[in-house]
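Notes to accompany the following structure.
Please treat every number below as a calculation from the coordinates, not as lab data. Here the structure is a predicted model, which means the values were calculated and not measured. When we count neighbours, we look across all protein chains shown, and the Cβ atoms used for this are built from the backbone with ideal geometry, even at glycine.
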Amino acid sequence: MEFERLEIPVGEFVFDARAAGPADGELVLLLHGFPQSSWEWRSQLSALADAGYRAIAPDQRGYSSRARPEGVSNYEVEHLVADVLAIADWLGGHQFHLVGHDWGAAVAWGVGGTHQERLRTLNIVSVPHPKAFAKALTDSKDQQDRSSYIQLFREEGKAEEVLGGNDFAALRGMLSTAGSAEDVEEYMRVLGQPGALTAALNWYRAMQPGLVGDIGPITMPTMFVWSTDDIALGREGAEATAQYVDGPYRFEILEGVSHWIPEQAADDLNRLLLEHIGGA
């Protein structure tokens, strides 16, 4: 499917986005993670559009070339949350469905816990609730080991050298299991731009405890999809997430699937999303 390309103005910034589906369909926003872009949602955009939804996946702050401010403080979570709400406003979605993977999932938790009235459903892929994640980081040696890479990503200059050296060899290696060689080049088209890798890493450098800090209650219908072969996110935080969701909650485990759920388990995730979003 050929996707529409949108340019979404938000204050001084312009966000690039991929879009599919009828203009009058219920809005579904899809937030990508690191080190990817809106391209990670290519299968979900098509499935949602075919089901009659207006599906929009923006390249988030730092990934869109015209929304790439310098400085770590510009990537604090309140800015990332505000971007999502402003994008939804521009698209005419006072209420919308929100889907997030990896860092996009962390931001989606932040939106859900601070602007409950805006979301029809919350659909989280891979990343536990921030309080569950923070507790796992404190209590679980397994999660501490899985998250050890974060310390490198927070080191200004060093992370860029490790990930970006030798024509981004390490970054390409990270992405090699997320899709085809052509998919990797599509991600590198974004991350290889001047300043893009630093901007993406600034999400880690500005992060709060548990990725997004303390948030309010999650009251909207929420689904969390986690996979057993996720190298970064262990079972403890995933299973504890139920304790921190007040609204209707659905927890789905995909066996034998790595961190790259939207691509490696596209059919399963599409089915789950359509069930959850359609049932709200």
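With both bridge residues required to lie in the chain, what share of the DSSP beta bridges run antiparallel, to the nearest 5%?
The antiparallel fraction comes to roughly 35 percent.
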Descending semi-axes in Å of segment 109-154, equivalent ellipsoid built from Cα gyration tensor: 26, 11, 9
Karplus-derived 3J(HN,Hα), 6.51/-1.76/1.60, for each residue of segment 125-136, Hz, glycine and proline x: 10, 5, 9, x, 3, x, 6, 5, 5, 4, 5, 5
Alpha-carbon Rg with Dmax, taken over segment 4-278, Å: 17.0, 48
Cα-based Rg and Dmax for segment 183-247, where Dmax is the largest Cα-Cα distance (Å): 16.1, 42
Descending Cα extents along the principal axes, segment 52-138, whole Å: 40, 33, 20
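Does segment 1-91 classify as rounded, prolate or oblate by the C-alpha gyration tensor (a ≥ b ≥ c root eigenvalues; a/c under 1.5 gives rounded; else a/b over b/c gives prolate, otherwise oblate)?
Working: a/c = 2.18, a/b = 1.75, b/c = 1.24.
Verdict is prolate for segment 1-91.
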Within the chain, helix-based [θ] at 222 nm, where runs of 4 or more DSSP H residues each add -39,500 (n - 2.57), nearest 500: -12500 deg cm²/dmol
Built amide H within the under 5 Å cut-off of Val14, gap 5+: Arg66, Ala67
At most 11 other Cβ within 10 Å, DSSP loop - GluC sites (Glu not before Pro), segment 56-137: Glu70
Amide proton proximity set for Gly25, modelled H, under 5 Å, gap of 5+: Arg54
Estimated vicinal HN-Hα couplings, Hz - segment 197-202 in sequence order (Karplus 6.51, -1.76, 1.60; Gly, Pro = x): 5, 4, 4, 5, 5, 5
Kirkwood Rh and Cα Rg combined as Rg over Rh, evaluated for segment 64-114: 0.97
Prolate/oblate/rounded call for segment 13-55, Cα gyration tensor, a/c under 1.5 rounded: oblate
log10 of Debye I(q)/I(0), alpha-carbon scatterers only, for segment 1-153 at 0.15 Å⁻¹: -0.78
